[in-house]
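Report on the following structure.
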Amino acid sequence: MAAPKKPAPKKTTTTSKPKSKTSAKKSNRSFGEKVKWFLIKTMLWFFGLSIGSVIFFKYVPVPFTPLMLIRAIENKLGGKEVYFDHDWEPIDKISMNLQKAVIASEDGTFLTHNGFDFKALQKAYKSNERGRRIRGGSTISQQTAKNVFLWQGKSYFRKGLEAYFTVLIEIIWGKERIMEVYLNSIEMGDGVYGAYAATEHWYRRDASSLTPMQAAGIAAILPNPRKFKATGSSSYINRRKERIVREMRYVGKINYDGK
């Protein structure tokens, strides 16, 4: 009599674990893909909006800047009067003396550099490293990029954005437009922004009729326009005025076309 056949052992499948690993991998891949596309879309939006805004303000006056808003909030929180004076003035109605004064005071190589003065940056770095009074090496182009598109601060992230916008305005705007926006947007007194408001505030006259000394007075206070005064100035500011007037003579005729 034949022995009864033993039932074949049941095959055990271990497909559940591989499926679990596969789905986990797919899930991780899916999450990674989402992050990647989110970053790509964010970068595309950033480049589109930043380039678009620079092109827009090549033709349209800048109505206000982040600094104007920040100062208004600071004054409000400090219980001070929120004073704001800003009017746009075309560059052909802004005194050539003031244009020369800010070049002499803030950026002697403005007409020839491509947005950055690396020698000035190196000098500023060495001066600050020796523990002397902190000084900046920012060009007029960099200051304009910061004032119009960014916030105040010294982080590397903000500095990187400043460099990016500096390159954009140098390429898209050109020197004359940079100077026009600069002279219409920078802080020139407590709550005073731009050449039109500054000349009215300090000298009770229009922006087209400044003398060299008056123009130097405004340029001299730019490092700290809320602390210094263009009229009734301290001896320090008076010395700065005299130095700026001397250096204005070496600026020569301003030719924004570079021809």
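A compact table of results
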read-out	value
Cut-off 13 Å between beta-carbons: net charge of the residues surrounding residue 60, Lys and Arg +1, Asp and Glu -1	+1
Cross-link pairs beyond the 25 Å C-alpha cut-off, checked among 93/175; 100/227; 80/227; 34/159	34/159
Local electrostatic count, residue 109, Cβ distance below 9 Å [Lys/Arg +1, Asp/Glu -1]	-1
Order by protection proxy (mean Cβ within 10 Å, highest first), peptides 76-86, 138-148	138-148, 76-86
Modelled FRET efficiency - R0 30 Å, residue 34 with residue 172, Cβ distances, 0.05 increments	0.35
Pairwise label distance in nanometres, residue 59 with residue 109, each label 7 Å out on the Cα-Cβ vector	3.4
Relative packing of 180-186, 198-204, which averages over residues the other C-beta atoms within 10 Å, highest first	180-186, 198-204
By average C-beta atoms within 10 angstrom, highest first, the peptides 236-247, 208-219, 30-41	208-219, 236-247, 30-41
Residue-normalised accessible area of the range 164-259, expressed per residue, 1.4 Å probe, Å²	46
Net charge of neighbours whose Cβ lies under 15 Å from the Cβ of residue 179, counting Lys and Arg as +1 and Asp and Glu as -1	-2
Amide proton proximity set for residue 188, modelled H, under 5 Å, gap of 5+	193, 194
Length-normalised contact order of the range 139-259 in % [C-alpha pairs under 8 Å, at least 6 apart]	19
Inter-probe distance in nm under a simple model that places probes 7 Å from Cα toward Cβ, at residue 190 and residue 208	3.2
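The values are calculated or read from the model by the stated rules, or taken from the named source; none is laboratory data. It should be emphasised that the depicted structure is a prediction, and the values quoted were computed from it without experimental measurement. Virtual Cβ from ideal backbone geometry, glycine too; neighbours counted across all protein chains shown. Calculation scope for accessible area: heavy atoms of the full protein, side chains included, ligands and nucleic acids excluded. Shrake-Rupley method; radii C 1.70, N 1.55, O 1.52, S 1.80 Å.
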